[in-house]
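The values are calculated or read from the model by the stated rules, or taken from the named source; none is laboratory data. Computed from a predicted structure; not experimentally measured. Here the Cβ is made from the backbone with ideal geometry for all residues, glycine too, and neighbour counts use every protein chain on show.
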Amino acid sequence: MAYPVAVAPTGEARTWTVLDEGYRSVGPVEEWLEAHRHLWSPNTVRGYATSLAQWWSFLEQRASGHVRLRMGGQLAPG
């Protein structure tokens, strides 16, 4: 299961990311959020992080954890 989490890197504004059950960043989700973070307000980033955490959890359950990132930033079962 994935979880949206607020993070505040030293000297930077608070933002949101997605962590897995082992408290590790979900790489493809973080890459996608990072690529778009500068375009959105913090509340929008939070909304996307929340939705992507739910989507990632769904993909893990359906694809037995085999998930890959497609070109164009789309998450898809591997």
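Only residues that are closer than 16 Å to residue 59 by Cα and modelled with pLDDT of 90 or more were counted in segment 2-24, giving 6.
Of the residues in segment 64-73, none is of a type in the set (A, V, I, L, M, F, W, C) and at pLDDT 90 or above. Against the numbered list (1) over 8 Å from the mean Cα position of the chain (by Cα); (2) buried (at least 20 other Cβ atoms within 10 Å of the Cβ), residue 49 comes up short only at (1).
Filter segment 1-25 down to residues that are of a type in the set (A, V, I, L, M) and either farther than 9 Å from residue 53 by Cα or more than 9 Å from the chain's Cα centre (by Cα) (or both) and give me whichever is surrounded by the most Cβ atoms within 10 Å (Cβ to Cβ).
Among residues in segment 1-25 that are of a type in the set (A, V, I, L, M) and either farther than 9 Å from residue 53 by Cα or more than 9 Å from the chain's Cα centre (by Cα) (or both), the one surrounded by the most Cβ atoms within 10 Å (Cβ to Cβ) is 5.
Evaluation of residue 49 against the conditions (1) modelled with pLDDT under 95; (2) more than 18 Å from residue 61 (Cα to Cα); (3) in contact with a strand residue (DSSP E or B) (Cβ under 8 Å, 6 or more places away or on another chain) shows that the sole unmet condition is (1).
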